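Data block below; observations after.
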């Protein structure tokens with residue numbers, strides 16, 4: 001498989017972000033922050049009316065997109081900025097575009113977008129293919 | 001005199017060690033559950049989901065999230081926010097792999113933001129070491145700590 005600068009990577013889509021997954025991640029992360037678990041806490045803090053996805057899950061979606069786009073590849077580096085929250089029930093799409101190809105190393109711009117709200121995570125990644 | 005000069009200084013905690021006391025083992029069972037929770041099947045070759053760079057370092061750094069906030073004189077109930085995360089992998093992480101964490105706080109910088117008011121920007125670096133001591137991955141995380149009491 002070959003890649004060229006400007007190529008778009010196949011998107012990775014989560015049709016509905018799962019509050020049940022957030023409960024699992026509270027255990028994985030050993031972090032029981034209630035804004036990920038209890039919508040009443042989210043409301044009380046004025047942060048919205050749905051539970052908020054843990055930031056690292058959003059990074060995992062981006063990684064899933066990269067690993068699917070480059071089968072057998074290994075992520076060498078990744079940098080993501082958190083621009084906005086992802087909420088339970090959101091539809092999110094992770095996407096990317098090739099910015100450089102250097103031998104077996106492919107660099108990409110990556111982003112995570114929420115349907116109707118725009119980009120919530122953006123960054124760069126380098127994958128060894 | 002700048003506006004920031006009128007504020008108390010940010011906590012002087014640069015260099016604070018975040019070395020873990022124990023180790024973190026990536027369980028194959030947990031990795032499978034984690035992969036499925038993000039919409040993919042686990043790899044069949046023994047590699048773990050790369051997001052374990054974040055999970056393993058956070059869980060085994062020797063401070064809870066609340067504890068890390070407390071080091072920065074910040075109450076976790078005031079809502080720390082992730083600003084950015086960078087990871088540099090030397091090798092893929094593996095299920096069954098046992099890792100040790102070392103790290104340190106790089107900086108805490110007090111800023112004034114139009115959206116958040118006064119905030120501290122915490123940057124810390126963590127490394128996951130394999131049992132032989134080699135660094136498998138290094139990560140720099142940035143958290144935003146809103147200082148509502150100074151707004």
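Listing for the model above:
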{"quantity": "Chain lengthening between residue A:1 and residue A:83 when straightened (0.36 nm per residue, less Cα-Cα)", "calculated": "26.2 nm"}
{"quantity": "Semi-axis lengths, Å, the protein assembly as shown, gyration tensor of Cα atoms, sqrt of 5 times eigenvalues", "calculated": "29, 22, 20"}
{"quantity": "Rg over Rh, two decimals, chain B (C-alpha only, Kirkwood Rh)", "calculated": "1.05"}
{"quantity": "Bins of 10 Å, starting at 0 and running to the largest distance - Cα pair percent for the range A:1-107", "calculated": "13, 39, 27, 15, 5, 0"}
{"quantity": "Helix B:28-37 vs. chain B, principal-axis angle (Cα, 0 to 90°, nearest 10)", "calculated": "60"}
{"quantity": "Chain lengthening between residue B:135 and residue B:6 when straightened (0.36 nm per residue, less Cα-Cα)", "calculated": "42.2 nm"}
{"quantity": "Mean-position separation - Cα centroids, the range A:15-58 and the range B:54-78, in angstrom", "calculated": "17"}
{"quantity": "Max mean-square fluctuation residue, GNM over chain A, Cα-Cα springs under 10 Å, options A:46, A:55, A:118", "calculated": "A:46"}
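A short reminder: the numbers here are calculations on the coordinates, not readings from a lab. In this text, all values refer to a predicted model and were calculated from it rather than measured experimentally.
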